[in-house]
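A quick write-up on the structure given underneath.
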Amino acid sequence: MDLSLSDEQKQLQDAAERFVRDKYAFENRRKIAATDKGWLAENWAQMAELGWLGMSFSEEDGGYGGGSIETMIVMEQFGKGLVLEPFLPTVVLGGGMIARAGSKAQKEALLAPMIEGKKQFAFAWLERQSRYNLADVSLKAEKSGSGYTLSGHKGVVYNAASADNIVVLARTAGAAREEKGLTLFLVDGKAKGLSRRDYPTQDSLRASELTFDKVSVGADAVLGKVDGAFPVVEEAVDRAIVALCAEATGCMDAINAATLEYIKTRKQFGVPIGKFQVLQHRMVDCFTNAQEARSMTLMATLKIDDEDSVVRRKAASGAKVQIGKSGKFCGQSAVQMHGGMGVTDELSVSHYFKRLTMIDLMFGNQQHHLTRYSNLAMAA
Amino acid sequence: MDLSLKPEHQAFADEVRAFARENLSPATRAKTLSGRHYDKDDHVVWQKALGRKGWLAYTWPRKYGGPGFDVTQRFLFENVLAEEGAPRIIPFGVKMVGPVIYTFGSDEQKERFLPGIRSSEVAWCQGYSEPGAGSDLANLRTRAERDGDHYVVNGQKTWTSYAHWGDWIFCLVRTDAKAKPQEGISFLLIDMKTPGVTVRPILMLDGAHAVNDVFFDNVKVPVANRIGKENEGWTCAKFLLANERLGIAEVPASKRGVRSLWELNDDPALKEKIADVDLQVQALEMSELRALSTMALGGAPGPEVSTLKVRGSEIQQRIAELAMEAVGEYAAPYQPDLLFRETNETPVGPDHAPPAAPRYFNMRKTSIYGGSTEIQKNIVSKAILGL
Ligand SMILES: Cc1cc2nc3c(=O)[nH]c(=O)nc-3n(C[C@H](O)[C@H](O)[C@H](O)COP(=O)(O)OP(=O)(O)OC[C@H]3O[C@@H](n4cnc5c(N)ncnc54)[C@H](O)[C@@H]3O)c2cc1C
Ligand SMILES: Cc1cc2nc3c(=O)[nH]c(=O)nc-3n(C[C@H](O)[C@H](O)[C@H](O)COP(=O)(O)OP(=O)(O)OC[C@H]3O[C@@H](n4cnc5c(N)ncnc54)[C@H](O)[C@@H]3O)c2cc1C
């Protein structure tokens, strides 16, 4: 057993740390969030140049042969800086599904340019009614000629406004909530019949509601097997969850560091408030929570490639439960220990708190994954 | 002992309900029920209606123009209004400075200030906290130097809720720099229109503007605006804080919150959490009734009201958290127009989704303001447990 990073991985970590230090000082982030797109093209180009967009893909797909550990390393640093560039929707979700399910032609057309920083993706799965159920899909794709016609609605699609291609989860057969009968389609971001309502999210990202009004796509738009998308989606989402967990550990480190610094310097009653034992113990609990979050993230990162899908699913859900719990504790505690300052927009603390809160809600909250985990554990 | 209502109390509750249905603007009511932010007018129009009825200063004795409600009436009044979706009465005039004025003020001050509070003609705000004086209130530094029949006030207050709506601010100021921290403080009423008063907004994490910095730059305040004796303002301050903490638990609003939670979601795991907070609210309400019952027999609210504040704020936070949990991923879209402005924009998700996450974020304040949870627990451990 060896849980230390290789030299190359350490270099990656250093580079990501440097990137965040240079580009993501808090006031810079505020400016980036206020731009039209909500992220910076020059940052994206730099990520491509540094090889981050291709690091987790195989060499035959045009990548650099890394994997989940590399993703964990950069996501953790992104969490420290609350980075806004759409790495998760483009590289982890879109790129991940194309690499796993795509044909040679699709990979050439999409993966290679993505790795160069020339294409971005979004993943549209959620609908109004679906809550956290990945199979609760009613957007319809009907056979029409050699291709398909897509009609229906998708919600909270991160990065849809910037995406060149949107990976859409649609129903080709079966009833709503059935895992069989789901198919993935690659839809051009500007396709005719596709309309968008864009908005910022609580944590300063960008997302959209999408309406598909008879959007036609060719047979070559099908990603993977017709009616057989569910396992691909579930696996991609599990990977996204683990990446989110890594991002959350970065957020927790940053928010804990800010709080520790604050309670050492803020004076009330003539002493730094960190001299009060209740705050000391709460800070210790924050530290412990962040440790647990890091441990579960690492565990899940190491198990996410397991051939046994039960092992993979349990690991992803288990880590997500921990991240939800730890993130809430660290976030709420940081705000509380900052007193009035904690509930202002001015300090970074409230922004980390908001991101941690949204991470808990993404792809299933603590409660959802506790249920999923216990179902898997009982079945095993 | 008896929990049931006497017929005359039932009749009173009906009267309050009828009044609310007639006088509360439907737009304001809708904001309450959907969790959106109010404008100043939502408060003022409603409070003026209560004032005309003689009900705004509902906790005051008859002697000072209050309606003389008994404890049960007070309880019913608050509960029925919350059920009907009335905004909470802004406490600074009616619950805070009003009682200080009728308890410690001169006859002239009572005549001058109480009518405007009872009628909601004059809006008040509270200038206690400063950048260096939050939990440690006695560390305040804003100075008031005597100059003939005036004080000249210099300094900064912060976290002043609704200072941007306020006509008057009541302040704790230092009138003797050499005295011990809790001595040498005076209680001053300051007209916000006086030259030298500047209000600067502080933006909160949900995008709301509710609190402010207030700066005093050589502000001339007549000595006649001091309540109580010079350097003895701490007595007023403490009296006011005890009043502030009673009722800050917001039980009626939490009851309304729990009711709407029950309507939101069928998920069994969520339902158990809702049941849990529902029961917490019942325990808190019963504790509050016990405190009120002691007061009805002539007792004063003791330090145990601190425990009500602690639990009350936890419950408010929990309700907001569960409401967000019930929304799921549709809590993510941020639509400030739907929170703060009159608009015909439609929510991108379910109707109850837009305020859910901002409210959860915003509610973190309840365990900070009015004396943080840590400070309340310190009070209980010292004053009740003798630790
Ligand atoms: C089952 C058992 C087996 C044990 N076996 C052994 C043994 O084999 N050999 C041996 O030498 N001892 C043994 N011990 C003793 C054990 O180490 C002591 O019980 C322990 O150190 C606590 O001391 P105490 O019981 O005197 O509690 P105290 O020290 O009196 O503490 C009482 C409470 O006050 C708290 N407290 C104390 N100081 C502080 C502080 N500064 N800040 C905040 N809270 C504080 C404690 O956390 C505790 O909650 C055993 C104890 C138990 C219960
Ligand atoms: C939304 C909002 C509205 C407000 N409205 C008003 C208003 O209208 N007028 C007004 O005057 N003030 C107002 N306040 C200010 C409020 O009263 C203070 O924020 C509060 O007293 C805490 O002070 P602080 O923010 O300086 O935090 P600090 O005192 O710096 O406290 C920071 C942390 O340290 C903890 N702490 C401090 N001392 C101790 C101790 N001895 N033991 C253990 N823990 C301790 C606190 O509990 C907190 O967790 C408002 C605040 C907010 C957030």
So which of A:Lys80/B:Lys273; A:Lys275/B:Lys377; A:Lys275/A:Lys354; A:Lys37/A:Lys104; B:Lys157/B:Lys180 end up more than 25 Å apart, counting from Cα to Cα?
-> A:Lys80/B:Lys273; A:Lys275/A:Lys354; A:Lys37/A:Lys104
Could you give the semi-axes, largest first, of the ellipsoid that matches chain B, computed as the square roots of 5 times the alpha carbon gyration tensor eigenvalues and rounded to whole Å?
-> 34, 25, 22
Using a Gaussian network for chain B with springs between C-alpha atoms less than 10 Å apart, which of these wobbles most: B:Leu241, B:Leu33, B:Leu297?
-> B:Leu297
For B:124-136, mean number of other protein chain Cβ atoms within 10 Å | 2
For region B:96-150, what D do you get in µm² per second when you plug the Kirkwood radius from alpha-carbon pairs into Stokes-Einstein at 20 °C and 1.002 mPa s?
-> 158
Check: C-alpha center region A:37-77 vs C-alpha center region B:314-387, spacing in Å is 37
note: region A:148-245, Cα-Cα separations exceeding 19 Å make up a percent value of 46
To the nearest 20 debye, what is the magnitude of the charge dipole of region A:179-279 about its Cα centre, counting +1 on the Cβ of each Lys and Arg and -1 on the Cβ of each Asp and Glu?
-> 560
Counting only residues 5 or more places away or on other chains, whose amide H sits under 5 Å from the amide H of B:Leu205 once H atoms are built in the peptide plane?
-> A:Thr344, A:Asp345
So in region A:21-175, what percent of DSSP beta bridges are antiparallel if you round to the nearest 5?
-> 50
Starting from the residue with the highest accessible area, list B:Val251, A:Val284 in decreasing order, probe 1.4 Å.
-> A:Val284, B:Val251
Within region A:247-345, GluC sites (Glu not before Pro) in DSSP loop having at most 11 other beta-carbon neighbours inside 10 Å = A:Glu307
Taking only C-alpha pairs under 8 Å that are 6+ residues apart, what is the relative contact order of region A:303-365 in percent?
-> 31
What is region A:6-117 by shape, rounded, prolate or oblate, if you read a ≥ b ≥ c off the alpha carbon gyration tensor as root eigenvalues and call it rounded for a/c under 1.5, prolate for a/b larger than b/c, and oblate otherwise?
-> oblate
Find, among the GluC sites (Glu not before Pro) in region A:74-169, those assigned to loop by DSSP (not H, G, I, E, B) with at most 16 other beta-carbon atoms within 10 angstrom.
-> A:Glu116
Percent of all alpha-carbon pairs of region B:1-138 at distances over 19 Å, whole number, is 56
For chain B, modelled as a Gaussian network with Cα springs under 10 Å, which listed residue fluctuates most, B:Thr72, B:Thr346, B:Thr59?
-> B:Thr346
Average projected area of the Cα convex hull of region A:192-329, in nm²?
-> 12.0
Tell me, what is the percent relative contact order of chain A, built from C-alpha pairs under 8 Å that lie six or more residues apart?
-> 14
For region B:256-271, in residue order, the Karplus 3J(HN,Hα) values (coefficients 6.51, -1.76, 1.60; θ = phi - 60°; whole Hz; Gly and Pro = x) are 5, x, 5, 4, 6, 4, 4, 7, 7, 8, 9, 4, x, 5, 5, 4
Taking the Cα atoms of the protein assembly as shown, report the difference between the largest and smallest coordinate on each principal axis, in whole Å and largest first.
-> 90, 58, 48
Gain in length, A:Lys37 to A:Ala173, computed as 0.36 nm per residue apart minus the alpha-carbon separation, to one decimal in nm?
-> 45.4 nm
Hey, what did chain B get for relative contact order, percent, Cα under 8 Å, at least 6 apart?
-> 13
Total charge dipole magnitude, region A:232-370, about the Cα centre, Cβ charges on Lys, Arg, Asp, Glu only, Debye to nearest 20 = 620
Residues in region A:129-147 near a label at B:Ala269, defined as backbone nitrogen under 15 Å from the 7 Å Cα→Cβ point?
-> A:131-134
Kirkwood Rh and Cα Rg combined as Rg/Rh, region B:89-205 | 0.95
Expressed in µm² per second, the diffusion coefficient of region A:1-66 from the Stokes-Einstein equation, with Rh the Kirkwood radius over alpha carbon pairs, at 25 °C and 0.890 mPa s, is 180
Once you average over the residues of B:196-207, how many Cβ atoms of partner chains fall within 10 Å of each Cβ?
-> 3
Would you mind counting up the charge near B:Arg259? Only other residues with Cβ under 12 Å from its Cβ, with Lys and Arg at +1 and Asp and Glu at -1.
-> -1
Most mobile of A:Lys325, A:Lys118, A:Lys314 in a GNM of chain A (Cα contacts under 10 Å) | A:Lys118
With 10 Å bins from 0: P(r) over region B:163-291, alpha-carbon pairs, percent = 10, 24, 26, 21, 14, 6, 0
Applying the Karplus parametrisation 6.51 cos²θ - 1.76 cosθ + 1.60 with θ = phi - 60° to the phi angles of region A:184-189, what ³J(HN,Hα) value in whole Hz is obtained for each residue in order, glycine and proline being reported as x?
-> 9, 10, 9, 10, 4, x
Spatial separation of Cα centroids for region B:1-75 and region A:266-342, in angstrom = 44
Residue-wise HN-Hα coupling along region A:202-218, computed from phi with Karplus coefficients 6.51, -1.76, 1.60 (Hz; x: Gly, Pro) | 3, 9, 6, 8, 10, 8, 8, 9, 10, 10, 9, 10, 6, 7, 9, 10, x
Percent antiparallel among DSSP beta bridges confined to chain A, nearest 5, equals 85
Per the helix-only calculation at 222 nm, which mean residue ellipticity applies to chain A, given -39500 (n - 2.57) for every DSSP H run of n ≥ 4 and division by its residues, nearest 500 deg cm²/dmol?
-> -15500 deg cm²/dmol
Partner shielding of A:342-353, as the mean number of partner chain Cβ atoms within 10 Å, equals 4
In terms of the Cα gyration tensor, with a ≥ b ≥ c the square roots of its eigenvalues, is chain A rounded because a/c is under 1.5, prolate because a/b exceeds b/c, or oblate?
-> prolate
Can you grab the distance from the C-alpha centre of region A:172-230 to the C-alpha centre of region B:156-198, Å, no decimals?
-> 58
Among chymotrypsin sites (Phe, Trp or Tyr not before Pro) in region A:194-293, those in a DSSP loop whose Cβ has at most 16 other Cβ atoms within 10 Å are A:Phe269
note: region B:134-192, Cα-Cα separations exceeding 13 Å make up a percent value of 63
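The values are calculated or read from the model by the stated rules, or taken from the named source; none is laboratory data. These numbers come from a predicted model, not from an experiment. Every residue, glycine as well, gets a Cβ built from its backbone with ideal geometry; the counts of neighbours run over all protein chains shown. Quick note on the areas: whole protein, heavy atoms, side chains included, nothing else; ligands and nucleic acids left out. Shrake-Rupley method; radii C 1.70, N 1.55, O 1.52, S 1.80 Å.
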